Amino acid sequence: MSISQSPREAHAGASGGTYHFRLFIAGESPRSSRAISNLTLLCERAIPDAHKIEVIDVLERPDLAEAASVLATPMVMRMQPLPQRRAVGDFNDLPRLAAAIDLHVPDSRDETAP
C-alpha cells in the first residue's frame, strides 16, 4: 500500500479537534525515519491523544506529492486545523518545527507542581 497510517491516530482531544498532519518522505532512509520519529515525539508532547500523522512516500505516490506541490522531503503539512502550515527537514530542532507548524509545546515551567 502506498500510504501508510501511523498507529497514532487519536480521537478529538480536550480542545475539541484533532490535528491532522501529512508527512511526505522519500523512501525508507535514515532521514525519513528521523522525520517520522521527531514529528511523532513533538505531537506526543504538544497534542497527545489529539493527532493523526499520515505518511506518504513520494517514490510510491508521486501524484500526491505533485498535487501538494512537494519540492523537497521530508516535508510535513498541517492539514487541520486550518490554516495549513508546512515545514521541510528531518525536524531535529523541535522548537523550530513547533513554531513552523504552529504548535505550543509545554515545558517544565508551564506545568504546575501538585
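Just one of the listed residues (Pro81, Pro95) is farther than 16 Å from Ile56 by Cβ, over 13 Å from the mean Cα position of the chain (by Cα) and either modelled with pLDDT under 95 or of a type outside the set (D, E, K, R) (or both), and it is Pro95. Looking only at region 5-24, decide whether some residue is among the aliphatic types (A, V, I, L, M), at pLDDT below 95, surrounded by 13 or more Cβ atoms within 10 Å (Cβ to Cβ) and in contact with a Pro (Cβ under 9 Å, 6 or more places away or on another chain). Scanning region 5-24 turns up at least one residue that is among the aliphatic types (A, V, I, L, M), at pLDDT below 95, surrounded by 13 or more Cβ atoms within 10 Å (Cβ to Cβ) and in contact with a Pro (Cβ under 9 Å, 6 or more places away or on another chain).
Can we say Ala113 is at pLDDT 95 or above, small (Gly, Ala, Ser) and either closer than 14 Å to Phe21 by Cα or out of contact with any Lys or Arg (no Cβ under 7 Å at 6 or more places or on another chain) (or both)? Spell out how you get there, then give the answer.
On the way: at pLDDT 95 or above: no; small (Gly, Ala, Ser): yes; either closer than 14 Å to Phe21 by Cα or out of contact with any Lys or Arg (no Cβ under 7 Å at 6 or more places or on another chain) (or both): yes.
No; evaluated as a whole, the condition is false for this residue.
The values are calculated or read from the model by the stated rules, or taken from the named source; none is laboratory data. Note that the coordinates shown come from a computational prediction; the quantities given were computed from them, not determined experimentally. No Cβ is skipped: glycine too gets one built from the backbone with ideal geometry, and neighbour counts run over all protein chains shown.
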